[in-house]
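The values are calculated or read from the model by the stated rules, or taken from the named source; none is laboratory data. All of these numbers come straight from a predicted model, not from anything done at the bench. Note: ideal-geometry Cβ built from the backbone for every residue, glycine included; neighbour counts use all protein chains shown. Protein only, heavy atoms only, side chains kept; ligands, DNA and RNA dropped before computing areas. Shrake-Rupley method; radii C 1.70, N 1.55, O 1.52, S 1.80 Å.
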Amino acid sequence: MESASNDEIPTESSEQMETEVFEVQVQVRCPTSGVNIQVQSEDSEVQIQLKSPLSKPNVQEDTATFLALHEKSSVQVEVNINSEQQDQTDILVDSTSSVDRKELVEQSQVQQVQALLGRLHLNNRFEHKLTSAELLQIRPTLKYDKNVSDSDLFTVYLHKLLSLDYRARYICMKDQNADNSSGSSDYDQINPLDIQMAVFHCSDNFLRQKMVTKLSLCQYALPLLVPDPLTEDIECPLWTFRQILRTWTKTDNSEVVTVKSVPIYKAQTPMLFCFRLGSLSVSKSQLINTLINDRQSTFFHINGSGSTKRRLLVDGVAEIGWYFPAGKPNDTFTDCVVFCNLRGDGVTHEKQRNILMDKSSVNVVFVPILSKDHVSAEVMTALLESPKPLIVLQEDSSRSTTQLKQGKYKIGIKDRSQSDVSKELKNIIRDILSGPCAPFQLESMSNTGIRVDEQDAACSRGLSAARDVMNTIQRVEVTKIKSTLLPCQGKLLQEWCRINKEQYCLRGDIEKERCKKQNEMQKIREDQCKASCGDLMETFIRHLTSLPPTEREYFLSWTQIQMDAQATESVSSIQQSYEQKWAEVLALKKRSDKSTEFKFKQAELEEISPKFQSVTCGLEHIFREMGQIYEAHKSLSKPPKNAHQHWSKYPELAADLMISGHPMELMDGDAGHVPLVWISSLIDQVIYKLGDKRVFVLSVLGVQGMDTEGLRALDLEGNATIHHDNELATFAVGVGNMTLVNIFGENASEMQDLLQIVVQAFMRMNKVKLSPSCVFVHQNMTDVGGEEKNRDRKRKLQDTLNQIVKLAAKEEVCDAESFSDIIEFDAEKDMKYFAQLWDGNPPMAPPNPGYSDSVRDLKSFILSKASESSGVTLSEFKAKVQDLWNALLNENFVFSFKNTVEISVYRKLEIEFGNWTWALRSEMLNIEKELHTRIENGTIDNIDLAFIHEQIGKKYEEIKTAISRYFDRQEHKELLLQWKNQHEQKIQDFCEEMVQRTQRNLSDILEARKRNKKLNEKKIKLENQLLGEIKGLAHQLKDNMKEGDHEKQFNSVWEVYVLEIVEHIKRTKKINLEHDQVEVLQEFGFEFTLITTRKTTKCYKNVSTCEDYSAYFEQKYNHKQKKHITEFIHTVEEEAIEVIKSKPVETKGYSTSYLREMIQRVYVSVQDFLTKWKYSLKQEFTIDLTLNICDKTDTWIGETHEKFVKRETHKYLERKKQEHYTVFTSFCKGESSAVVLAEMISEKLKASMTETVCNRTAIDIAQEMRNSYAAFNASRLNLEKHVLKSLAEKGDFQRYMTYIESPKTYIETFIREEVHEYMHTEQKAQIILTKNVVEIKNHVAKALFQATEKVKEGDIEEWLQEFHGLLKEKLNFGQISTANFSGVKIFSFLREAIEKRLVPITMNLEKLPLDKMNEYRLQPDQILIDQLCNCCWETCPFCAAVCTNTVKDHSPEKHSVPFHRPTGIEGWHIRGTVEMVIDFCTTLAASDKKFRPETSTLTVPYKQYKTAGGNYAEWLITPDGSKLVYWKWFICQFQKDLEDYHNLKFVGQGEIPSDWREYSREDAIESLNEIYM
């Protein structure tokens, strides 16, 4: 890098060294252990090289061997051998023969190379090459500045080089001698070129190509001829030059300036071959550098930083460098000139010398002396006789330029300054090049007879395949390649995209227009399919699928190289035509008369412009064509007969390419389109191959460049630019986890425009709850290192951003004052400043090293941010791309955006929430069941909330732990965080609600038990009397009565009992509704006096028919409010009456809990009504409304309860009559008291076991269906899908209307029907029943055994108490009076009698009809209804679709549903006509149409539907393009029914699109899968 002094030419001793080798063997006269051998020489130029790679000479047995390298003909080497037994010094002299010496040199070279590779940790890389993929792996950042250890050298070198840091050549190595206690200099510094060549030798061809491309950009010389360090075979790495494209400005003799841009391997330029013959004391390379570049040492030289005398891998290497003129007066040469520099002595490296002498245009040779006796004489003679120009630089001569003969020059360099020699040399070269010269082209190196890397088998096969592709391309005129060979992405795609965007801003008959547009798009897809069978794609895909990975990489690289070369050539040609035409236009423009010729030339100029884009064609366009072929075929249900083969495999092929490092475009920059079908399938394949990996997505956003899509595109203007920029910025910002905003230059107005677009994009992300981070990179800045200036820049940029935010906030309707309000932003950390890229003026300027440092710092910063971010999974990334693009297609991005990932995460959370609530509910059901049994058995007489909390506490804590674990897991943690507190509170509320409900239910049972206590005592007393009477009667009559008289005699006693018990039941079962109503209202916080006052004054009677509600208002009252209240009262009355009438009063009797539930519904509805309309009503309104509804239900409750009492009394009496008649007949037959008692116990067990089995089975069936039944095992949305599927399968219009108008009622019916179907068709239900029967039977048998074991004989009362105590936890056994069975003393007999009777009871229970459960307290359908219907039931104000949120009160989330319906289903129509509205409300919400709410006389734009207030404001209706087929099929299927139902017609604007009629029932059902995707 350093320039030499101009006063004298520096020495280059490393090029002078002539190395000789001799081998020394030392006899060791002692054991080899503990031997220390030191080898040294007094001659400082002798270098000792150990034959062994170890740190000591190779000691084997009693001989130590080493090699000494030297430059003298006779050398003395001192060998010191030290051990405990021996201390001697031998002086040895070289005596090796010349033949042996050559062999030793070769051996030494191999050993030295291996030692070098070992030091660099590359010893295994000569066989197993380094790859680009390894370098791209994210690893801890290495320190690049100083003291790099040997093991890190190659990594640091590569990373620096690949980041275009030309200081890679000057890495400061760590001084290893500092760690060497012996003071030995074994650890020499490594020559920088040795590091470069070692890495080059140990890299595969693709990494070599990257290295050489980067070296070229750093303005360094490149390896052209490379000897193998082990075999000395020479190779030309032609492949490594294939990616280099250079641009320069040529000036011809007539001062005409031409810009040339050429792939370097195609450039035909004069080549100067520079080499030396013999040893020199001057630096050849440094002198050559003065001809090429004043700022950069193209060829490394002895005086360069880090240079060493020793080098292993450089001699024999021929390097090539270029001079590129800038078209300025101070250019050294007027055209590109190539310099080849042969390292080492040209005499020794004969093959390289001859090849390059043959290829050269001019030979430049350095010699120490011109003499016939010198080793250079033969070569010099050939050079002088050659017709090629020759320049000889003679070291022992001080004469200036001498022309030996035509084209032959000699320059003396002894004692002359480098600048003088360089100046003369430049003049001679310019003079020679002004004449005819044989041009040099890199590709010609393949014809030199030496090995070329492109002859590698894989590379050759890749080239052959690429030529097949290019042969197809080259048959077509260059400007027609795209339109002819890649037809799917040209006009066809642009037209498809235009129509696709139009369908998101339709006017008029929206659905008809949409169908029309979709048909047009489908036709284009068909045309794409027909056009996709060209030779180019067939050939390309054939090779892509058949080649193995390495050959495929070569194929793709070759294809890109050749396509780029063709495009570059074509662009250059078009550029020349454009510049020529532009000059003609300018000349005509200056003329005063604007002739028709001017217009004609201007038109010609405009015709040239589009050609630039038409000739630019690369791999990305072929990949784009693959995507369009795939999308076209995928969109057709039946592809055409001549369809492109293997199209379905394209995503897999593209995924393989993407995984191997090839980029795939997300957005088609030409069409401004994101091919979602193609991108989705591609990412799916990547997921299939790699798994759903988590990635960090970095977006880069800036002004459009030559090769990337960006903002401020020159080919757009006006509104098109603004729309394009907003769309692109929003997409780029939204899709990334971090956005890098690239700002170029310091132009304030341009920066302001860019920042405005960026700020609005971030503001939109904020409004749709996406939170990417950002970093601003300000490029091309001056004085980047100045901290104070940077601080001032950051402050100004921060102020600018804040000002833009304030302005943008008004446009985006966003409450933000500063940039940090919309995104987390730290100006100190998140603003980066870069110096300009080039360190000087191109084309000879190297990259600015400060720029490379900034790039590395930025990379570390980005990786640090990535490590802190959870990123996204590939599937989430796919969803985000879809969401962003779908929203951008709509006019209002924020309004249209759907965050699919967030929706998916929330749906999974809903499922988990359902699982948590079900776990609590099922646990509580079991608790309630057990406590209910204990209450019935009289073992518990008080139930309070604390007791229930204690019972459920363990399960609740388990659920809380599960919730914490779910929200704290890493996956989607940031998304889940927004719902954590809400759902924790919801679970707490749910648990509390369950506790309170259970406590109320059990308290009601306790209260009922207390109320029935007297009745039960009376029953027992009467039963005992009855039992005594029939026992006595049986003993009196058993011998004197015929069998037929038994019943008559029994009835005479029975009828007396019936009269007394019925009267008592009537008195006990009477209900007091007024008392209950007051008590329940008090529970809701209303004062007793206020309730009784309203009840006494009868004020509540007229609440539903009142003309003036002002007395209820605490604010100003108007007519509009009256309408709201009237409608509300009507709705609440219907709902409340429906609630109470849905309760099983007729089958189970009245319960206070039913009344409480009804009153709660009224209370909650009032609160929601007040919140919705922002009204303030007095408590009297709620009380009066409640009492009014109670008044309307009192009669029904009373009458229904009375029916229940009568029926239950009858059933009770029938059962008791049968029981006592059985006892009577047993006594009449002379059965013992033990048998009769066993009969009575068995009857009680039968009833109790049946109840317990039914209740258990109800819970278990509900549990089983909740877990495994498809309709019930997920979220509310999943249930909705199955309900709609069931409706379609049944095809009953009346059912549909019930579902549409009363969704909750219908879904409850659906659940009941599904449970009924399950219980009667699924074997699992019967298995559950049998399991429970067996468990209860075993429990009873165990209790019988244990009671009898404990009380074997004696008091029957004691035995019954023991038996009862063992049963009471699971069975309600009731009481049996022992007054008539005191004679039963032996309980083993009693047990056997009971066990005998249990057999038929158990058998009958196993055959029990499952409908029997309906007679008991728990039913599986009601359990599932309570679980599944405890959700949100709000309906869309337009189409009546039900909110599918599983959480009942899900504020602050708005009500939503994945897919809405055509509003005509709900009866919406065009005002003043009978024309039904066919449009989906999701389509209308994005249209320019208006609607009139039912409660208003004013119209409201659909786009502003929330301003209608009320229920409209509570809904989030996102445009979805009316995709759901289901409701389209429904309208067509039931058109006549709908018309009759609403008395409207599907005519006019409501005419059904013909396309809708093509959908089948199967299509409709299949479309439901979209609901739960």
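Within the set 816, 845, 866, 827, the sole residue that is at pLDDT 90 or above, assigned to a loop (DSSP other than H, G, I, E, B) and of a type outside the set (Ser, Thr, Tyr) turns out to be 845. Based on this model, can you work out whether residue 558 counts as without any contact (Cβ under 8 Å) to a residue 60 or more places away in the chain and either buried (at least 19 other Cβ atoms within 10 Å of the Cβ) or of a type outside the set (D, E, K, R) (or both)? Against the criterion (without any contact (Cβ under 8 Å) to a residue 60 or more places away in the chain and either buried (at least 19 other Cβ atoms within 10 Å of the Cβ) or of a type outside the set (D, E, K, R) (or both)), residue 558 does not qualify. Number of residues in region 233-271 that are of a type outside the set (A, V, I, L, M, F, W, C), assigned to a strand (DSSP E or B) and within 13 Å of residue 222 (Cβ to Cβ) equals 1.
Taken over region 663-694, the criterion of being hydroxyl-bearing (Ser, Thr, Tyr), in contact (Cβ under 8 Å) with a residue 40 or more places away in the chain and farther than 19 Å from residue 496 by Cβ is satisfied by no residue. Counting only residues that are surrounded by 17 or more Cβ atoms within 10 Å (Cβ to Cβ) and at pLDDT 70 or above, region 699-735 holds 17 of them. Filter region 1019-1050 down to the residues that are buried (at least 16 other Cβ atoms within 10 Å of the Cβ) and either at pLDDT 75 or above or not in a helix (DSSP H, G or I) (or both) and list them by number. Listed by number, the residues that qualify are 1022, 1023, 1025, 1026, 1027, 1029, 1030, 1031, 1033, 1034, 1049, 1050. Would a scan of region 1202-1215 turn up a residue that is of a type in the set (Lys, Arg), on the phi > 0 side of the Ramachandran plot and open to solvent by 50 Å² or more (accessible area, probe 1.4 Å)? No, there is no match, as no residue in region 1202-1215 is of a type in the set (Lys, Arg), on the phi > 0 side of the Ramachandran plot and open to solvent by 50 Å² or more (accessible area, probe 1.4 Å). Within region 1146-1186, being among the small types (Gly, Ala, Ser) and assigned to a helix (DSSP H, G or I) holds for 1153, 1165. Within region 206-215, the set of residues being open to solvent by less than 10 Å² (accessible area, probe 1.4 Å) and closer than 12 Å to residue 846 by Cα comprises just one member, 215. Listed by first and then second residue, the pairs linking a residue in region 1266-1291 that is under 23 Å from residue 1529 (Cβ atoms) and part of a helix (DSSP H, G or I) to a residue that is hydroxyl-bearing (Ser, Thr, Tyr) and open to solvent by 50 Å² or more (accessible area, probe 1.4 Å), with Cβ atoms under 8 Å apart and 6 or more places separating them unless they lie on different chains, are 1277/1572; 1278/1572; 1281/1572.
Let's see how each residue does on (1) touching a helix residue (DSSP H, G or I) at 6+ places or on another chain (Cβ under 6 Å); (2) at negative phi; (3) of a type outside the set (Lys, Arg):
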{"residue": "432", "(1), (2), (3)": "no, yes, yes"}
{"residue": "436", "(1), (2), (3)": "no, yes, yes"}
{"residue": "458", "(1), (2), (3)": "yes, yes, yes"}
{"residue": "492", "(1), (2), (3)": "yes, yes, yes"}
{"residue": "497", "(1), (2), (3)": "no, yes, yes"}
{"residue": "508", "(1), (2), (3)": "no, no, yes"}
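Within region 929-948, not a single residue is assigned to a helix (DSSP H, G or I), within 16 Å of residue 1267 (Cβ to Cβ), at pLDDT below 95 and open to solvent by 20 Å² or more (accessible area, probe 1.4 Å).
For region 569-624, give me the residue count where each residue is hydrophobic (A, V, I, L, M, F, W, C) and under 30 Å from residue 545 (Cβ atoms). The number of residues fulfilling the criteria is 5.
Scan region 1247-1257 and tell me whether some residue there is among the small types (Gly, Ala, Ser), part of a helix (DSSP H, G or I) and surrounded by 18 or more Cβ atoms within 10 Å (Cβ to Cβ). The answer is yes; a qualifying residue exists.
A search for C-beta distances below 7 Å between a residue of region 1401-1422 that is assigned to a helix (DSSP H, G or I) and any residue that is among the small types (Gly, Ala, Ser), counting only pairs 6+ apart in sequence or on different chains, returns 1401/1242; 1410/1325; 1413/1258; 1420/1258; 1420/1262. Comparison of 1544, 1524 shows that the only residue that is touching an Asp or Glu at 6+ places or on another chain (Cβ under 7 Å) and crowded, with 18+ Cβ neighbours inside 10 Å is 1524.
I'd like to check something: does region 1468-1476 contain any residue that is β-branched (Val, Ile, Thr), at pLDDT 90 or above, under 39 Å from the mean Cα position of the chain (by Cα) and over 30 Å from residue 916 (Cα atoms)? For region 1468-1476, residues β-branched (Val, Ile, Thr), at pLDDT 90 or above, under 39 Å from the mean Cα position of the chain (by Cα) and over 30 Å from residue 916 (Cα atoms): absent. Residue 617 meets the conditions (1) part of a helix (DSSP H, G or I); (2) under 30 Å from residue 465 (Cα atoms); (3) open to solvent by less than 50 Å² (accessible area, probe 1.4 Å) in every case but one. The failed one is (1). State which residue is surrounded by the fewest Cβ atoms within 10 Å (Cβ to Cβ) when the search covers only region 1426-1454 and only residues that are under 27 Å from the mean Cα position of the chain (by Cα) and over 21 Å from residue 1526 (Cα atoms). Filtering region 1426-1454 for residues that are under 27 Å from the mean Cα position of the chain (by Cα) and over 21 Å from residue 1526 (Cα atoms), the one surrounded by the fewest Cβ atoms within 10 Å (Cβ to Cβ) comes out as 1452. Listed by position, the helices (runs of 4 or more DSSP H) contained in region 1454-1558 that have at least 3 residues being more than 26 Å from residue 893 (Cα to Cα) and acidic (Asp, Glu) are 1535-1542.
Please verify whether residue 230 is assigned to a loop (DSSP other than H, G, I, E, B), among the hydrophobic types (A, V, I, L, M, F, W, C) and open to solvent by 30 Å² or more (accessible area, probe 1.4 Å), treating the condition exactly as stated. Criteria met by residue 230. Residues in region 904-919 that are of a type in the set (A, V, I, L, M) and either touching a residue at least 60 places away in the same chain (Cβ under 8 Å) or not in a helix (DSSP H, G or I) (or both): 905, 909, 911.
Looking across region 454-466, the residues that are touching a residue at least 40 places away in the same chain (Cβ under 8 Å) and either open to solvent by 10 Å² or more (accessible area, probe 1.4 Å) or over 38 Å from the mean Cα position of the chain (by Cα) (or both) come down to 454, 456, 458, 461, 463. Taken residue by residue, region 1381-1389 has no member that is closer than 19 Å to residue 937 by Cβ, out of contact with any strand residue (DSSP E or B) (no Cβ under 9 Å at 6 or more places or on another chain) and not aliphatic (A, V, I, L, M). Close Cβ contacts (under 7 Å, 6 or more residues apart or on different chains) running from residues in region 1135-1160 that are open to solvent by 70 Å² or more (accessible area, probe 1.4 Å) to residues that are hydroxyl-bearing (Ser, Thr, Tyr) and modelled with pLDDT of 85 or more comprise 1146/1200. Inspect all residues belonging to region 1130-1143 and state whether any of them is more than 30 Å from residue 1309 (Cα to Cα) and either assigned to a helix (DSSP H, G or I) or within 53 Å of the chain's Cα centre (by Cα) (or both). No, region 1130-1143 contains no residue that is more than 30 Å from residue 1309 (Cα to Cα) and either assigned to a helix (DSSP H, G or I) or within 53 Å of the chain's Cα centre (by Cα) (or both). Select from region 821-853 the residues that are under 24 Å from residue 321 (Cα atoms) and among the aliphatic types (A, V, I, L, M) and write down the one among them that is most open to solvent (accessible area, probe 1.4 Å). It comes out as 837. Filtering region 1373-1392 to residues that are buried (at least 20 other Cβ atoms within 10 Å of the Cβ) and at pLDDT 85 or above leaves 1387, 1390, 1391.
Working only within region 1051-1099, note down all residues that are free of Cβ contacts under 8 Å to residues at least 12 places away in the same chain, surrounded by 13 or more Cβ atoms within 10 Å (Cβ to Cβ) and not in a helix (DSSP H, G or I). Passing the criteria: none in range.
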